[in-house]
1. Of these, B:Lys64, B:Lys60, which one is of a type in the set (D, E, K, R) and either surrounded by 17 or more Cβ atoms within 10 Å (Cβ to Cβ) or assigned to a helix (DSSP H, G or I) (or both)?
2. Restricting attention to region A:240-262, which residues are closer than 15 Å to A:Tyr340 by Cα, away from chain B (no Cβ under 14 Å) and not aliphatic (A, V, I, L, M)?
3. Got at least one residue in region B:120-127 being out of contact with any His (no Cβ under 7 Å at 6 or more places or on another chain), β-branched (Val, Ile, Thr), closer than 20 Å to B:Glu202 by Cβ and within 16 Å of the ligand (Cβ to nearest atom)?
4. Look through B:Ile200, B:Ile213 and report the one residue that is within 16 Å of the chain's Cα centre (by Cα), among the aliphatic types (A, V, I, L, M) and in a helix (DSSP H, G or I).
5. Might you let me know whether region B:72-87 holds any residue that is in a loop (DSSP other than H, G, I, E, B) and outside the structural domain of B:Asp190 (by TED's automatic domain parsing)?
6. Sort out which residues of region A:332-375 are more than 16 Å from the ligand (Cβ to nearest atom) and among the hydrophobic types (A, V, I, L, M, F, W, C), and write them in order of number.
7. B:Ile46 passes all but one of (1) in contact with a Lys or Arg (Cβ under 9 Å, 6 or more places away or on another chain); (2) more than 26 Å from A:Glu345 (Cα to Cα); (3) buried (at least 16 other Cβ atoms within 10 Å of the Cβ); (4) not basic (Lys, Arg); which number fails?
8. Hey, can you tell me all the residues within region B:154-173 that are closer than 17 Å to A:Glu349 by Cα and surrounded by fewer than 24 Cβ atoms within 10 Å (Cβ to Cβ)?
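The values are calculated or read from the model by the stated rules, or taken from the named source; none is laboratory data. Fair warning: this is a prediction, and the values are worked out from it, not measured in the lab. Backbone-built Cβ (ideal geometry, glycine too); neighbour counts: all protein chains shown.
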Amino acid sequence: MDFTLTETQTLIRDTARKVAREVVAPQARAVDREERFPKEVYTQLGELGLLGVNVPEAYGGAEAGVVSYALAMMEISAACASTSVGMAVTNMAAELICTYGTEEQKKKHVTALVSGRAVAGAFALSEPHAGSDAGALRTSATRKGDRWVLNGAKQWITSGAYAGVMVVWARTSSEGNKGLSCFIVEGGTPGLIVGRAEDKMGLRGSNTVPLTFESCEVPLENLLGREGDGFKLAMVALDGGRIGISAQACGVARAALEASVRYAKERKAFGQPIAEFQGLRWMMADMQTRLSAAELLCLRAAQLKEAKRPFSREASMAKLFCSETSNWVCDRAVQIHGGYGYIDEFPVERYLRDARVQTIYEGTSEIQRLVIAREIFKAVGA
Amino acid sequence: MGPKADAIVLFTMTDPAKGNKGITAFLVPTSTPGFNRQPPDKKMGINAAWSCTMYFEDMKVPAKNLLGKEGEGFKVAMSTLDGGRIGIAAQAIGIARAAFEEALAYSGERKTFGKPIRDHQAIQFMLADMATEIDAARLLTLRAALMKDKGQRHSPESAMAKLYASEMAGRVTNKALQIHGGMGYSKEMDVERHVRDARITEIYEGTSEIQRIVISASLLKE
Ligand SMILES: Cc1cc2nc3c(=O)[nH]c(=O)nc-3n(C[C@H](O)[C@H](O)[C@H](O)COP(=O)(O)OP(=O)(O)OC[C@H]3O[C@@H](n4cnc5c(N)ncnc54)[C@H](O)[C@@H]3O)c2cc1C
């Protein structure tokens, strides 16, 4: 496998790195403390092509591929994971509409998402009673003349209060997974009610809300893909989404390791910099090794997707390993900082709180293991 | 409780040339002129226990406020820390037990794929590991406490209890959060607080690294 970056990939990474350093990082602490949704940043990310990295230029995207997308996510995440999760969901919604949408849907909604005009995209799959088990969702969509009418409740919807364009899953028949369909719903549609934002351990600048649909009507042409194809669309979107969250995990872990190395050189104990103690040196050696393995798993999955080859198993392996690794690396970073790791003057306690959700959303670690095991046994015909 | 305390035990260096033997402890009322403190730290957890940075400018303390003898401060600190470690180990166990009980209850209520999540083997194994680790930590801690009660030397035993119990609490509370899925990340449940609170037990009263130094030093001495 060749991981030499192309010119385009280098350009996207450097663009993301620059805006991460100059705009995103300086406000990350305030975004966390004040639970401030970084709305204005998304406009800038849109202008730079970072809201549609893998979206064709014809719809305003950067058309730079999946590896570029992963690299960009790593850079923004190293600065602020609250910002990068919204970026990930927007890219995901835009790509999904690009893949399954009609020409009209793409022209209207993808361009709005990618330019930042829609502020952000939202991905509304989870419900109070259906997380891991998405097929158990209950929100319904029924046809009434030239409209679809949605009723039901969604939970944990990232950027839900701000998103101009959402993809929403609903049941169009009672036939299990085959009864699911996907719809495009614009923010502010009558009957779409945004609930109180969740008070969370981390990602405090990201907006996470429950949504209620009360006879919320959308035109027939807002059905995305075919009726009954919703489950397939969700799985395809999540496979890709897992690459985004893997990259987020790598970015946060890298920031934590860099902060630890800086701190270990400066902090003294027993008359020498703590960087001289073997216990801590080995810890950092392990952090670096696991981080590199995580980055490679993430980039391999991205490469496969970019080459249009099967990548489900690889995306799940990346998501599992990257998210578990980032939690471990951020935890070690807090340890290396000692008492200073526990207070918000240093960023590592925020990294740890932000990393914690990575083993939960876009499929928990347990769900990734189910997918990986299923693929292993499929390969040997069992 | 630095930001609220009326009096503190202050460790000072009275003779830098003597290293640890140059450390002296004082009892200092916080009303003493020259005593200053900064606003409370913003911390990841244990938010009802306040902490802050203190600094002293030409602070005059009467000689009668000396705690123990001049140069014995290190001994004073270490003897309270040995006992303190048992306390922190017990704290870690309490936090872990609360998180475990909440996860156990939740695993019976929450259903996925048509059954309570505790019927999935992945969740069962997590619960089994959590219970085993909590018991192991509890036994290590009770051993150290019994030795202290009997007036025996218990430095390495306290260090082992503190080391294992605090790291155990990190693992157990994180598993408990994982079992709660997305709900575990929300402040509506207590479990994310247990994770944040547990995190400090690996740091204060001697970090895990310091406990390892104490334990290995006692092994190598024999
Ligand atoms: C901050 C945040 C943002 C989010 N953003 C979005 C969003 O934008 N859009 C969206 O649709 N959703 C979003 N989610 C929801 C997220 O995807 C779900 O929380 C996740 O899928 C887990 O579902 P759950 O919370 O219902 O947990 P559950 O499914 O109830 O799982 C509980 C526990 O049981 C385990 N478990 C479940 N089934 C099995 C099994 N078969 N075998 C073994 N173990 C099992 C799980 O791994 C977990 O440990 C977000 C969540 C959070 C916390």
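1. Among B:Lys64, B:Lys60, only B:Lys64 is of a type in the set (D, E, K, R) and either surrounded by 17 or more Cβ atoms within 10 Å (Cβ to Cβ) or assigned to a helix (DSSP H, G or I) (or both).
2. A:Arg262
3. Checking region B:120-127: not a single residue is out of contact with any His (no Cβ under 7 Å at 6 or more places or on another chain), β-branched (Val, Ile, Thr), closer than 20 Å to B:Glu202 by Cβ and within 16 Å of the ligand (Cβ to nearest atom).
4. It is B:Ile200.
5. Among the residues of region B:72-87, at least one is in a loop (DSSP other than H, G, I, E, B) and outside the structural domain of B:Asp190 (by TED's automatic domain parsing), which makes the answer yes.
6. Of everything in region A:332-375, those that are more than 16 Å from the ligand (Cβ to nearest atom) and among the hydrophobic types (A, V, I, L, M, F, W, C) turn out to be A:Ala333, A:Val334, A:Ile336, A:Ile343, A:Phe346, A:Val348.
7. The one condition B:Ile46 does not meet is (2).
8. Those that are closer than 17 Å to A:Glu349 by Cα and surrounded by fewer than 24 Cβ atoms within 10 Å (Cβ to Cβ): B:Glu167, B:Gly170, B:Arg171.
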